[in-house]
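*Asks:* Please read through the structure below; I'll follow up with questions.
Coordinate-derived values only; no laboratory data. Just so it is clear, the model here is predicted, and its values are computed rather than measured. When we count neighbours, we look across all protein chains shown, and the Cβ atoms used for this are built from the backbone with ideal geometry, even at glycine.
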Amino acid sequence: MLLLVSGATKTVQRVSGDSDNIGGLLTPRAGNLLYYSASGIPWAADNDCFNGFDEQRFVGMLERMRDSKPIFVTAPDAVGDAPGTLDMFGRWEPVIHSYGFPVAYVLQDGQEKLCMPWGKIDAVFIGGSTEYKLGPEIRWLVREAKWRGKWVHMGRVNSLQRLSYARDIGCDSVDGTGYSRFPDTNIPEALSFLKHEQLALQIDEAI
């Protein structure tokens, strides 16, 4: 599982040589695209809607990303509003795909009551409230996504407990603001956890 970090470029650069579990998360307000492109580490792009969507900044980010290869680009969403997110996806999915980028659809509270646009998405981004993230509806949607071969990402993962949960339900990547705010302590701790989890899995498979 990948830990995608927004910002903290120096720390990410320092640890990336020793870990296959670190990556970057570009946002419309960030300027570290050149580092991601040159470093060779995996990365994805978010829409920053949690802090208020800025259409001009988002399109500017897409323009700067031309000819690059992100894991996914998160389509703009309406925080806490599944119907609103579906409406926004209908507008932005064709735009993102027109750049040749894989598109992530954000799961918000109540998504299980709506039709999923499976044929138009390349990844799912687990958003929504904490209660929703940890609920049975998300587990069901993640199982469906994995069965369909979609990448699964979870946002707001800021503890080892949440890392463990994300791994258990099948996430391919996570992010959290705590890794950007306290990079020198939180990033190494998370990478150590993921390394030991990966080694334990390999031992289990070998037995």
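*Asks:* Using a cut-off of 21 Å between alpha-carbon atoms, which lysines can reach LYS120, once sequence neighbours fewer than 8 places away in the same chain are excluded?
*Replies:* Hits, sequence-local ones excluded: LYS69, LYS146, LYS150.
*Asks:* Let me have the 222 nm mean residue ellipticity of the chain computed from DSSP H runs of 4+ only, each contributing -39500 (n - 2.57), with the sum over all residues rounded to the nearest 500. Intermediate values should be presented prior to the final figure.
*Replies:* Numbers: 9 runs with 96 residues, N = 207.
Theoretical 222 nm ellipticity from helices: -14000 deg cm²/dmol.
*Asks:* Between THR74 and residues 5 or more places away or on another chain, which pairs have amide H atoms under 5 Å apart, with H built 1.01 Å from N, and which residues are they?
*Replies:* ALA45, ASP46, ASN47, ALA104
*Asks:* Still on this structure: Nothing charged except the Cβ atoms of Lys and Arg (+1) and of Asp and Glu (-1): what's the magnitude of the dipole of the chain about its Cα centre? Round to the nearest 20 debye. Spell out each step's value before the answer.
*Replies:* On the way: 21 positive and 26 negative charges, 49 e Å.
Result for the chain is approximately 240 debye, rounded to the nearest 20.
*Asks:* Pop a pseudo-label 7 angstrom from the Cα along the beta-carbon direction at both GLU189 and GLU63 and give the gap in nm to one decimal.
*Replies:* About 4.1 nm, to one decimal.
*Asks:* Could you work out how much longer the chain between THR177 and ASP81 gets when fully extended? Use 0.36 nm per residue separation minus the Cα distance between them, nm to one decimal. Don't skip to the answer; put the middle values down first.
*Replies:* Numbers: separation 96, 0.36 × 96 = 34.56 nm, distance 2.16 nm.
Contour length minus the Cα-Cα distance gives 32.4 nm.
*Asks:* Dividing the convex hull volume of the Cα atoms of the chain by its residue count, what figure in Å³ per residue is obtained?
*Replies:* Values: hull volume 24.9 nm³, N = 207.
Looking at the chain, the number lands at 120 Å³ per residue.
*Asks:* Now a separate question. Taking +1 at the Cβ of each Lys and Arg and -1 at the Cβ of each Asp and Glu, which of TRP118, TYR179, MET65 sits farthest along the dipole of the chain towards its positive end, judged by Cα position relative to the Cα centre?
*Replies:* MET65
*Asks:* Do me a favour and compute the ellipsoid semi-axes for the stretch 95-148 from its Cα gyration tensor, root of five times each eigenvalue, largest one first, whole Å. Don't jump to the answer; show the numbers that get you there.
*Replies:* Working: eigenvalues 91, 28, 18 Å².
Ellipsoid half-lengths, sorted descending, are 21, 12, 9 Å.
*Asks:* How many nm separate the modelled label positions at GLN56 and SER159, each set 7 Å beyond the Cα in the direction of the Cβ?
*Replies:* 4.0 nm
*Asks:* Could you work out the local net charge near GLY155, counting Lys and Arg as +1, Asp and Glu as -1, over the other residues with Cβ closer than 14 Å to its Cβ? Walk me through the numbers on the way to the answer.
*Replies:* Working: positive: LYS133, ARG156, ARG162; negative: ASP46, ASP48, ASP77, ASP109, ASP172, ASP175.
That sum, taken over residues with Cβ under 14 Å, equals -3.
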